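Peer 1: Starting off with a structure, shown below.
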Amino acid sequence: MSRAMRVFGWMLLAMLVVAALLAGAAAVGWNEFVAGSKVTVDGESIRLGAIEGRHTLLVLSLAMLASFIVTVVVTVVITVALLASIVAILATALSTALTLAIVASPFLLIGWLVWRRSPRATTPASPKAA
């Protein structure tokens, strides 16, 4: 398993522990915390202080699920954006190298032909010991 996956796993575990602690604290002090709070959706108002029992657990569970989904989606979007940037940079570097190779190829060919045609310096044979 790669280091990044281990780090992501520990971050996820830490987030779940914090979410569980916050859910426990919110369940204990739910009514005192949200007694006067009101949510309005499409003109229908719901007083949060009136939510009790299973509905409290449902609301807290949905809030934790929504925060988890947002965390995962943001992480994936950032990762995909970084990978796309890296691919674009590599494609640009490759196209630059290929363009340079195409432009420089005639000069390299001429240099290679001249180098092959140049007379080689030969070393004289060493005299044999008599």
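No lab work stands behind these numbers, since they all come straight from the coordinates. For clarity, every value in this text was computed on a predicted model and none was experimentally measured. Here Cβ is always computed from backbone atoms with ideal geometry, including for glycine, and neighbour counts include all displayed protein chains.
Peer 1: From the backbone phi of the stretch 5-14, what are the Karplus-calculated ³J(HN,Hα) couplings (6.51 cos²θ - 1.76 cosθ + 1.60, θ = phi - 60°) in whole Hz, Gly and Pro given as x?
Peer 2: Calculated HN-Hα couplings, in order: 5, 5, 4, 4, x, 5, 5, 5, 5, 4 Hz.
Peer 1: Between residue 25 and residue 78, what FRET efficiency follows from the Cβ-Cβ distance if R0 is 35 Å, with the result rounded to 0.05?
Peer 2: Working: r = 30 Å, r/R0 = 0.85.
Efficiency for this residue pair is about 0.75.
Peer 1: If you don't mind, there's one more thing I want to ask. Could you list 107, 68 so that the one with the fewest beta carbons within 10 Å of its beta carbon is first and the one with the most is last? Write down the numbers at each step before the final one.
Peer 2: On the way: 107 9, 68 14.
Exposure proxy ranking, most exposed first: 107, 68.
Peer 1: What list of ³J(HN,Hα) couplings, whole Hz, do you get for the stretch 57-62 from phi and the Karplus terms 6.51, -1.76, 1.60, once you set θ to phi - 60° and write x for glycine and proline?
Peer 2: 4, 5, 4, 5, 5, 5
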